[in-house]
Structure formats: structure tokens, C-alpha cells
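The values are calculated or read from the model by the stated rules, or taken from the named source; none is laboratory data. Bear in mind the structure is a predicted one, so any value in this text is a computation, not a measurement. Every residue, glycine among them, receives a Cβ derived from its backbone with ideal geometry; neighbour counts consider all protein chains shown. Accessible surface is based on the protein model in full, side chains and every heavy atom, while ligands, DNA and RNA are left aside. Shrake-Rupley method; radii C 1.70, N 1.55, O 1.52, S 1.80 Å.
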Amino acid sequence: MRATFRNLYDQFNMAAFIRDRRTHATSVLRWALILVPMAAAVGTLCAAFLRSLDAVTRLRFAFPWLLYLLPIGGFVVGLLYHLAGRSVEGGNNLIVEQIHEPGGGVPLRMAPLIFFGTVVTHLFGGSAGREGTAVQLGGSLASGFGRALRLDAEATRTLLMTGIAAGFGAVFGTPIAGAVFALEVLAIGRVEYRALVPCLVAALVGDWTCLAWGIHHGVYHVDALVPVDALLVAKAGVAGIAFGLTGLTFAEANHALGGWLKRVIPYGPLRPVIGGLAVIALVWLLGTRDYLGLGTLAATPDSLTIASFFGPDTHSWSWALKLLFTVVTLSAGFKGGEVTPLFFIGAALGNALAPMFGVPSGLFAAIGFVALFAGAANTPLACTFMGIELFGAAYTVPIAVACFVAYLCSGHNGIYLSQRVAVPKVPAAHLTPDATLRDARTHRASRRRTRA
């Protein structure tokens with residue numbers, strides 16, 4: 001009996017077990033001491049950023065003539081990036097590239113440059129978002145923490161992912177989606193589970209810190225009470241095709257127009273000037289300012305915002321007009337992000353499709369809100385979680401179906417060209433292992449030239 005117990009003890013190796021647990025506990029404590037202050041700093045910056053956006057948007061409402069200074073504001077931001085920000089012009093794509101292949105890191109000056117550039121864009125009426133700024137704030141601060149602490153390449157890689165999670169979770173108030181987004185956005189078909197817990201901690205701390213500063217996020221209600229049956233799920237799936245194709249259109253139009261402007265106007269600071277003039281011309285041509293800015297605040301009670309599409313009224317073409325305004329703004333070099341405009345476009349398209357499918361407009365607005373983003377960013381898991389966090393769990397199944405169908409229908413395209421294709425959506429012999437969306441886009445362009 002003693003021999004058996006001794007053999008069991010030797011096999012269990014209590015000393016090694018205790019040593020492993022101690023090493024694990026030390027690692028957890030070390031990461032906590034890094035992540036909590038970093039994520040709190042990101043949350044604080046995001047809170048200041050959101051307050052600034054709110055203030056400049058209300059200022060633009062009070063002084064409508066500020067729109068006519070959009071070309072000048074664009075020139076100032078373009079010149080600033082031309083003189084001091086060429087190394088960070090890649091924005092979100094630079095952060096993704098540094099996570100895949102850690103090199104020189106993300107310069108700390110990315111944070112003030114993107115903060116200032118986005119505030120200027122919204123002050124003068126550019127149609128842009130805020131996710132790009134939050135992600136870049138998080139990535140820049142995380143990289144700065146990594147350099148200060150002299151972390152190795154693998155630890156820096158993880159820290160950059162947590163910076164994305166903290167920024168995304170804080171700016172939208174969706175920490176679960178923020179954590180999953182940071183893991184999912186790097187590569188199509190692959191989720192970086194190694195950083196799951198650090199990203200979740202960072203997203204939660206970033207969100208809690210932002211809330212502690214008194215920031216209140218927009219609330220969207222789905223008032224409809226529709227039974228989730230096979231017919232509703234099928235309708236969500238069919239609508240997901242439209243959301244995916246629209247996301248593809250947005251991404252490709254943005255890349256195509258941006259590339260054309262770079263070829264035609266090599267001097268960077270002049271591109272926002274042309275874009276600003278184009279936005280002003282669109283306002284005059286269409287006779288509305290509803291498609292300027294974020295689309296979350298209204299200048300007048302009858303102005304369109306994202307919340308408008310959750311109501312009973314149908315707005316048939318608002319999604320296309322917001323897409324046009326946003327593509328012109330971002331492709332010209334104005335700073336901000338694509339996600340909040342994508343929320344607007346998705347909710348508006350869902351509102352327009354609802355009568356055709358015989359469902360309440362608020363329900364399809366909610367589904368489009370996240371599904372179009374899922375297709376454009378290739379992040380169906382994160383967008384499903386976001387739908388649950390924003391709209392509740394009652395419609396989880398149709399939301400998930402629409403997100404995954406949109407993801408499939410957007411193909412090997414997306415708003416982040418540094419995103420890699422780990423697992424192709426469909427067989428694609430031309431894609432080498434871990435090819436980027438930029439590579440896929442280049443291949444399609446060369447194939448079109450060959451056919452021509």
C-alpha cells in the first residue's frame with residue numbers, strides 16, 4: 001500500500017505542480033499590473049475623445065457655417081500628417097501589421113494625431129466614425145507601455161491586441177464585442193485565443209473607466225415582439241446577403257476612390273481639400289445635412305440619426321446617401337473611422353428592407369446595424385456579441401445568421417487591408433498562406449487587367 005501511494009505521489013510530482021502554479025500566478029499578477037493601468041489610460045482617453053466629439057458636433061449644429069471650413073480643416077490635418085505623421089498614416093492597418101510581425105512598434109505620436117484629426121473632421125462636418133480613433137489610441141498607448149517595460153515581441157503582440165480591445169470596448173460600451181473583435185480582426189477564419197483573457201480584462205477595464213468618467217453611450221430599442229421562428233431566421237439570412245454585398249461595396253469604393261485620389265493628387269494635404277469641397281457640394285445638391293458627422297446626434301427634431309431607423313417610418317435611400325458621404329470623406333484622407341457610419345448604413349438599409357420582408361423596421365435596423373459591419377470588417381463573432389450587448393438576447397439567432405451570411409457574402413474584401421486570410425471563405429488557389437486582403441485585391445486587379 002505504501003509503495004502504491006509512493007508511486008502515485010511520484011507520478012503526481014507535487015513540487016512541480018506547486019512550482020507551475022506559482023509561475024502561473026506570477027504571470028497573471030505581472031499581466032494584471034500591466035493591463036489595468038494601460039486599459040484605464042485608454043478608457044480615460046476614449047472618454048475625453050467622446051466628450052470632445054459631442055462638444056464639436058453641438059458646436060457645428062450651433063454654427064452651420066463651420067461646414068464651409070471643412071476644406072481648410074482637412075488641409076491642416078493633411079499637412080500635419082504630411083510633416084509629422086507619415087509613419088502612422090497606416091492607422092488601423094499599421095497596428096494589425098505590427099501584431100502580425102512586431103517591428104518598430106506603433107509610434108506614440110499616433111494618439112495625439114488621430115485624436116486631433118478626428119475632432120477636426122467632426123467639427124467641420126466630415127462623415128466619419130470614431131472606432132478608428134479608439135483603436136489607434138489603444139494601440140499607440142499599448143505600444144508605448146510595451147517599449148517602456150521592454151517587453152519581448154510576443155508580449156508586445158499580446159499587448160497591442162489588448163489595446164485594440166480596450167479602445168473598442170470603451171468607445172462603444174460593448175466590452176465582450178471589443179475583446180472578441182481584437183482577437184478576430186487580425187485574420188479571416190482564425191481567432192487568437194491565446195490573448196482571450198488579457199483582451200477581455202482590457203476591454204472591461206477600458207469600458208468601466210470610460211463609464212466612470214460619466215460617458216453615456218447611445219441606447220437603441222427594438223420594441224417589436226416577433227417570435228423567432230424558421231421564417232424570421234430565413235428572412236434574416238436573405239437580408240444578410242444584402243448587408244454583406246453593401247459592406248463589400250463600401251470597402252471597395254473607399255479603397256478605389258482613395259487609390260485614385262492618391263494617383264491624381266500626389267500631395268497629401270490637398271486631397272482633403274478636394275474631399276471637403278465634394279462634401280459641401282453634396283450638401284448643396286441634396287439639400288440636407290443629415291449625413292454629416294457620426295449620425296448619432298440630431299441638429300433638429302426632424303433630422304435623421306441612427307435612432308431614426310428604429311422607428312416606424314421607412315427611409316428608402318438613406319443608406320446609400322450615408323455610404324456616399326462617408327466614402328468621399330474617408331477616401332480623401334479625413335480621419336476618424338468607418339464603423340459608426342457602417343452602423344448608420346446598416347440600420348438604414350435594414351429599415352429600407354423591413355417592409356419588403358414584412359417585419360418591423362426596428363428589428364431589421366438592429367440586425368443591419370451589426371451585420372453590415374460584420375461583412376465589411378470580416379468579424380461575424382464580434383458583431384454577434386455586439387448585437388447581444390446592444391439589443392439583448394431575444395434575437396440572437398437572426399442576428400447571428402445575418403452576421404455570418406454577410407461575412408460570407410463580402411468575399412475576400414474588407415475595410416482593413418492588412419487583415420490576413422488564414423482560412424479562405426471559399427477555395428482560392430491564388431491566395432498564399434496568410435496572404436493579406438491587400439494581396440487579394442492586387443491579384444483581382446491584375447486579373448482584370450489581363451482580361452482587358
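FRET efficiency for A422 and L196, Cβ-Cβ distance as r, R0 = 22 Å, nearest 0.05?
0.85
Using square roots of five times the C-alpha gyration tensor eigenvalues, list the equivalent-ellipsoid semi-axes of the chain in whole Å, biggest first.
In descending order the semi-axes read 37, 27, 23 Å.
Could you pull out every whole DSSP H run in the chain that spans at least 30 Å of Cα extent along its own axis and averages 0.5 or higher on the Kyte-Doolittle scale?
14-62, 230-264
What is the calculated FRET efficiency for F116 to L211, with r their C-beta to C-beta distance and R₀ = 22 Å, to the nearest 0.05?
0.35
What's the longest piece of the chain with no exposed chymotrypsin sites (Phe, Trp or Tyr not before Pro), counting a site as exposed if DSSP puts it in a loop and it has at most 13 other beta carbons within 10 Å?
Here the longest segment lacking exposed loop sites spans 1-266.
Give me the extension gain from R263 to L79: residue separation times 0.36 nm, minus the current Cα-Cα distance, reported in nm with one decimal.
Once the chain is fully extended between R263 and L79, it gains 64.5 nm.
Would you mind calculating the gained length between D434 and L277 on full extension (0.36 nm times residue separation, minus the Cα-Cα distance), in nm to one decimal?
Full extension from D434 to L277 adds 52.6 nm.
So how long is each side of region 364-452 along the principal axes, counting just the alpha-carbon atoms, biggest first, in Å?
49, 26, 20
To the nearest µm²/s, what D does Stokes-Einstein give for region 230-421 at 20 °C and 1.002 mPa s, using the Kirkwood radius over alpha carbon pairs as Rh?
This corresponds to a translational diffusion coefficient of 128 µm²/s.
Starting from a Cα-only point model with no solvent, please compute log10 I(q)/I(0) by Debye for region 17-213 at q = 0.14, 0.17, 0.19 1/Å.
Each listed q maps to, in turn, -0.77, -1.07, -1.25.
Taking all protein chains as present, what is the carbon and sulfur share of the accessible area of the chain, in % to the nearest whole number, probe 1.4 Å?
Of the solvent-accessible surface of the chain, carbon and sulfur hold 66 percent.
Calculated from DSSP H runs of 4 or more alone, at -39500 (n - 2.57) each and per residue, what is the 222 nm mean residue ellipticity of the chain, nearest 500?
-23000 deg cm²/dmol
Mind listing the long-range amide H neighbours of A187? Cut-off is under 5 Å, sequence gap 5 or more, other chains count too, H placed in the peptide plane at 1.01 Å from N.
R420
If R₀ is 56 angstrom, what is the calculated FRET efficiency for the pair A62 and R30, using the beta carbon separation as r and rounding to 0.05?
The value I calculate is 0.70.
Rolling a 1.4 Å sphere over the protein heavy atoms, what is the accessible area per residue of region 167-224, to the nearest Å²?
Per residue, region 167-224 has an accessible area of 40 Å².
Hey, what D do you get for region 162-304 in µm²/s if you plug the Kirkwood alpha-carbon radius into Stokes-Einstein at 37 °C and 0.692 mPa s?
Here the translational diffusion coefficient equals 170 µm²/s.
Name the trypsin sites (Lys or Arg not before Pro) in region 83-147 that are in a loop by DSSP and that have at most 15 other C-beta atoms within 10 Å, would you?
Those satisfying the criteria are R109.
Please work out how much length the chain gains when fully extended from L408 to A48, using 0.36 nm per residue of separation minus the C-alpha to C-alpha distance, in nm with one decimal.
125.9 nm
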